[in-house]
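Below you'll find the structure, written out as structure tokens, and then a few comments.
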Amino acid sequence: MKLNSSKDINILLLAPNAGVGCFFRPESRTGFSKDRWAIPPLGLWRISGYLEKNNFAKVEVWDGYVDTEEELVAKLKDKHFDIIGFSITHQTLENDIYFMHACKKYSPKSKLVIGGDEATFNYVKVMDIAPIDYTILGEGENPMREMCLKLKDGIDDLKDVPGLIYRSNGDYKRSGPNYAMDHKMFSKTTVHIDWKSIPYERYWDQIESFYQKPDLNETRTVRVFTTNYCPFDCVFCSSTNFLNAAGGSKDKKRAKVAGLTPEQIMEMLKEVLEAHPTTRNIFINDDDFVLQAVRVQKFCDLVVEAKKKGTLPSYLTFMCLSRIDDIKEETLLKMSAANFKMVGYGVESFSQDMLDDLNKRIKVEQIEKTVTSTLAFGIKPYMNIIVMPPTAKLKDVFITIERCLDFIEKGFEVAVEPYFIPMAGAVATHSGFEKLTDKIPIEGTDKVLIQETVILPSDPEVKKLALGFKNHYFQCKNKITTKFGLEHTPARLRSLISFYTVYSFLGKNYENKLERIENIIEKIFVLPSRKVGVDKNKKEYDWQGATG
């Protein structure tokens, strides 16, 4: 439904603001977090494209990774925005709330709206200390459309738009369910994101500035998603409950999984490459891209065919995420042929006790078989690990670290979270475990954010380790980066520093473990730095070896 109303609705959408040093929580709202790669806020750009293409509103997106606070203030002073929307996350909430107050100061007549996982599950905490008018539950496209339609008609009260939380007589009221988008709408909005409007080149320049010899096969990555969510209910995950909390699907409480067909994914890739022709790699950021093996295999066949015909560049690579128990060898064979270079697995732990407690529904033997098979097909496994789950004993921590080091030495990738982050909406957050809480003053206001930052392990020894981990991590990071002359700390290095931190914190009995980790760091990050880079602006890339 397209509109031709003469009244323009102006919307500004703000991405979560990570600040500096956001490995555990933001330490500053200004600057770029040099431990993290910058990626555009794809959900906001999808909303923007949907509203713009159907003439519901004119939309701008501001992202602190590549935009400055000064630019934001100038924008707010120069132009009236009917709606200012904030995508918020648990880890960036301090900074996000700061910007809510800043936007209210410089644009007092704008309606302020929050959305995303954190907003859906934690709106009371945010609305209690921030000048927010409405929370959008679940996906933003439908509620934002209805809000724009009302504003176009001169209706200022938006309380009857389905899927909102609003204030009423000192309490919060819900306007009704926001049902998850069905296959048709999900496909339409996702395939035809306005890729040309997303300034990927600015993000790539930011990332590449960290390296003397940037590997463009990694840095020139475009992130896409092809399904709406993962339904597997891991206890530490909030996104698995996100759509259900907003309303599920029209005919059932649990949201249906919606996804693109292989042909639609190919159509989307064509639009991405036309918009950003220097793209080298596609990261399919679904929580579980391989949920339907038939779909993935068909997509891989289409990629191989397109490369033979020259409609896709032969050098284009792919990365994705998968559950351990979803992926089979026949799928890996086709993924290898399509040039998938990495698959990320939610391994979480190599302790069977921990896997059972996390509701992973997999066996350690399955993990080892799947990741080994993945590497055998020429695809690098990227394993996500949680070192200290709430029920962990020291033996579980040691089992996981040692197996991770074994795999890293064989060429596998490992990314680490030291412990559970208490994401609102995750089962573990509401299971009675003790939590570490920070009181964070919001700069420029008299408000204080009471923020749960860590779910502490129950075991006394592991709890002591968790409590001392953060400060000791930064000491170990400084020691390692100084010793080996490393300026940037990507995920693969942070993982090794995390393991180093555990053994260093536990004392002298683990010096041999520290030596092993230092040797791995030297082998991976110091020796390859002698390789020669190439001109990063060259259109045809005939090299593979430049490293960051």
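Quick notes on this one:
- Set of aspartates and glutamates near Lys464 by C-alpha distance (under 18 Å), chain-local residues within fewer than 8 positions excluded: Asp396, Glu417, Glu434, Asp438, Glu452
- Net +/- balance of residues flanking Lys363 in space, Cβ distance below 10 Å, scoring K and R +1, D and E -1: -1
- Mean Cα-pair separation over length for the stretch 309-368, i.e. relative contact order, pairs under 8 Å, 6 or more apart, %: 36 percent
- Charge dipole magnitude, Cβ of K and R +1, D and E -1 - the stretch 390-519, Cα centre, debye nearest 20: 200 debye
- Charge dipole magnitude, Cβ of K and R +1, D and E -1 - the chain, Cα centre, debye nearest 20: 440 debye
- Charge tally in the Cβ shell below 14 Å around Cys404, where Lys, Arg are +1 and Asp, Glu are -1, Cys404 excluded: -2
- Dimensions (Å) - the chain, Cα atoms, principal axes, largest first: 70, 59, 46
- Free of any GluC sites (Glu not before Pro) that DSSP assigns to a loop and that have at most 15 other C-beta atoms within 10 Å, the longest stretch within the chain is 28-433.
- Farthest toward the positive end of the dipole of the stretch 10-174, out of Phe99, Ile11, Phe121, is the Cα of Ile11, where the dipole comes from beta carbon charges about the Cα centre.
- From least to most packed, judged by other beta carbons within 10 angstrom and beginning with the fewest, Ile136, Ile165 follow the order Ile165, Ile136.
- The magnitude of the dipole of the stretch 86-243, with charges of +1 and -1 set on the Cβ of Lys/Arg and Asp/Glu and taken from the Cα centre, is near 400 debye.
- Taking N as the residue count of the stretch 459-531, its C-alpha radius of gyration divided by 2.2 N^0.38 Å amounts to 1.14.
- Mean-position separation - Cα centroids, the stretch 63-135 and the stretch 409-469, in angstrom: 24 Å
- Only lysines eight or more places from Lys470 in sequence, or on another chain, were considered; those with a Cα closer than 23 Å are Lys34, Lys393, Lys395, Lys435, Lys439, Lys479, Lys483, Lys508, Lys513.
- Relative contact order of the chain, defined on C-alpha pairs under 8 angstrom at six or more residues apart (%): 12 percent
- Whole-number D in µm²/s for the stretch 196-458 (Stokes-Einstein; Kirkwood sum over Cα pairs; 25 °C, 0.890 mPa s): 120 µm²/s
- Listed residue (Ile165, Thr331, Ala466) projecting farthest to the positive dipole end of the chain, Cβ model: Thr331
- Rounded to 5, percent antiparallel among DSSP beta bridges of the chain: 30 percent
- Within the straight-line cut-off of under 21 Å between alpha carbons, the lysines reachable from Lys105 are Lys75, Lys77, Lys79, Lys125, Lys447, sequence neighbours fewer than 8 places apart in one chain being disregarded.
Laboratory data are not the source of any read-out in this text; all were calculated from the coordinates shown. As the structure is a prediction and not an experimental result, all values here were calculated from the model. Neighbour counts are summed over all protein chains in view; Cβ atoms, including those assigned to glycine, are modelled from backbone coordinates with ideal geometry.
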